[in-house]
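Engineer: Pasting in a structure now, in structure tokens, and then I'll have a few things to ask.
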Amino acid sequence: METILLTHGAGSNRNAPMLVALAKAFGEAGIEVVRYDLPFRQQRPHGPPRPGDAARDQEGLKAEMLKIREKKGGRVWMGGQSYGGRQASMVATESPNLADGLLLLSYPLHAPGKPTQLRTAHLPKIQVPVLFVHGSRDPFGSFEEMRKAIALIPSRTRLIEVDGVGHDLGKDRAGLAQRIVKEFEAFRNS
């Protein structure tokens, strides 16, 4: 059995349409997706995380991953969209044996309009395979910026480039989810 723990962006929750579409598509491929509300969202139903929330969100991700590993066994991947994916990538550097790989959707490489304030310091410490999904109109990083950042990661990586969509990865969620599942299966087996 294989499981993927996915979490949401700063303005969303576990029921984000992209996460729901991915859970369905992966489920049809025999891979279970656990959609997880980060602790900041468990505490407040609306609004973005506060500056002090990241550490607690990372602890929550660790605890949820340990629960999944104990219950399900098998390979377990971790990831999420935007803020959630970033937190997962940071957890992977602190606990390198926790996840078998990362699935990062719309990684927030930098804040919109602030391309010199990169969120890459931890990337060289990632030791597991990482599959990125990124839109061509994402204000948090261009494809070129993403490729440069991904090159910092010493483990195996792949970037799925999605043309014509922004940070939300567009409206064809079911179609993109199917594409991600195919790419994921090829990537994890390569």
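Engineer: Just from its helices, what would the mean residue ellipticity at 222 nm be for the chain, if runs of 4 or more DSSP H residues each count -39500 (n - 2.57) and the sum is divided by every residue, rounded to the nearest 500 deg cm²/dmol?
Structural biologist: Helices in the chain give a 222 nm mean residue ellipticity of -12000 deg cm²/dmol.
Engineer: Sticking with this one: Using a simple spin-label model with points 7 Å from Cα along the Cα→Cβ vector, what separation in nm is obtained for K72 and A55?
Structural biologist: Label at K72, label at A55, 2.9 nm between them.
Engineer: Build a GNM of the chain with springs between Cα atoms under 10 Å: which of S106, S155, S82 gets the top mean-square fluctuation?
Structural biologist: It is S155.
Engineer: Choose one of G73, G175, P51: the residue whose Cα lies farthest towards the positive end of the charge dipole of the chain (beta-carbon charges +1 Lys, Arg; -1 Asp, Glu; about the Cα centre).
Structural biologist: Farthest towards the positive end: P51.
Engineer: Here's another thing I want to ask about it. Compute the distance in nm between two label points, each set 7 Å from the Cα along the Cα-to-Cβ direction, one at R179 and one at R137.
Structural biologist: 1.4
Engineer: Can you work out ³J(HN,Hα) from phi for every residue in the stretch 118-129, in order, using Karplus 6.51 cos²θ - 1.76 cosθ + 1.60 and θ = phi - 60°, giving whole Hz and x for Gly and Pro?
Structural biologist: With the stated coefficients, the stretch 118-129 comes to 6, 9, 10, 4, 8, 4, x, 8, 6, 10, 10, x Hz.
Engineer: While we're looking at this one, here's another question. On a 20 Å Cα-Cα criterion, which of the cross-link pairs K24/K182; K114/K171; K24/K171; K114/K148; K62/K125 come out too long?
Structural biologist: K114/K171
Engineer: To continue, here is another question. What percentages, rounded to whole numbers, describe P(r) for the stretch 52-156 computed over all alpha carbon pairs with 5 Å bin width beginning at zero?
Structural biologist: 2, 13, 23, 26, 18, 11, 5, 2, 0
Engineer: If I build a Gaussian network model for the chain, linking alpha-carbon pairs within less than 10 angstrom, which residue out of G52, G166, G27 has the largest mean-square fluctuation?
Structural biologist: Between G52, G166, G27, it is G52 that shows the largest mean-square fluctuation.
Engineer: Pop out the ³J(HN,Hα) list for the stretch 19-26 in order, Karplus 6.51 cos²θ - 1.76 cosθ + 1.60 with θ = phi - 60°, rounded to Hz; leave Gly and Pro as x.
Structural biologist: Each residue's phi maps through the Karplus curve to give 5, 5, 4, 5, 4, 5, 5, 5 Hz.
Engineer: Put a dot 7 Å past each Cα toward the Cβ at K24 and A186; how far apart are the dots in nm?
Structural biologist: Label at A186, label at K24, 2.4 nm between them.
A short reminder: the numbers here are calculations on the coordinates, not readings from a lab. Note that the coordinates shown come from a computational prediction; the quantities given were computed from them, not determined experimentally. Neighbour counts run over all protein chains shown; Cβ positions are idealised from the backbone, glycine included.
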